[in-house]
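Chemist: Pasting a structure below so you can have a look.
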Amino acid sequence: IINYNLPQSPWLATKILPVLEQNQKLKVLELSNCSLAADDLISLTKFISENRTLSSLNISHSIIGSVDTVKALANALKKHPALRKVNLSYCSLAGGHGMIDKILAACKKCDALDIGHKDFDSKCVEKIANFLG
């Protein structure tokens, strides 16, 4: 699902995620530019925490407007056994450079991480540069 304004929450949690939970072979999940609401992101984070097959996640162009949601997402990404590609490009992260460390640490086993937003300050860019080595 790309570039589609999803119906208001809890539509993702009640209509889409239950179907995806039944798919034991799901490897790629694309929810780019879907106007995910805060409740949608919380539900998605729970889904990621319970999924074991996903290798690629794209939630680019999302507003992750709560520090608690950023932390929960980072925790889910970090503990996921198969996730190797994460796209968070154009995502606004609550907590700014204070939360970027959590996301970067969570994605250190990934083969690919797309991340960046026009609101990232110089500290965010510095943290990303340090992460890259």
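The values are calculated or read from the model by the stated rules, or taken from the named source; none is laboratory data. Given the structure is predicted, the values throughout are model-derived calculations rather than measurements. With ideal geometry, Cβ positions are generated from the backbone for all residues, glycine too; neighbour counts draw on all protein chains shown. The accessibility values were calculated without ligands, DNA or RNA, using every heavy atom of the protein model including side chains. Shrake-Rupley method; radii C 1.70, N 1.55, O 1.52, S 1.80 Å.
Chemist: Restricting to the range 1-16, what's the tally of residues that are under 16 Å from the mean Cα position of the chain (by Cα) and open to solvent by less than 30 Å² (accessible area, probe 1.4 Å)?
Modeler: Residues in the range 1-16 being under 16 Å from the mean Cα position of the chain (by Cα) and open to solvent by less than 30 Å² (accessible area, probe 1.4 Å): 1 in total.
Chemist: Would you confirm whether any residue within the range 43-62 is of a type in the set (Gly, Ala, Ser) and more than 25 Å from Asn3 (Cα to Cα)?
Modeler: No, that holds for no residue.
Chemist: Something else now. Can you confirm whether the range 92-106 contains a residue that is among the polar types (S, T, N, Q) and at pLDDT below 95?
Modeler: Yes, the conditions are met somewhere in the range 92-106.
Chemist: For Thr14, all conditions in the list (1) in contact (Cβ under 8 Å) with a residue 24 or more places away in the chain; (2) of a type in the set (S, T, N, Q); (3) assigned to a helix (DSSP H, G or I) hold save one; what is the number of the exception?
Modeler: For Thr14, the failing item is (1).
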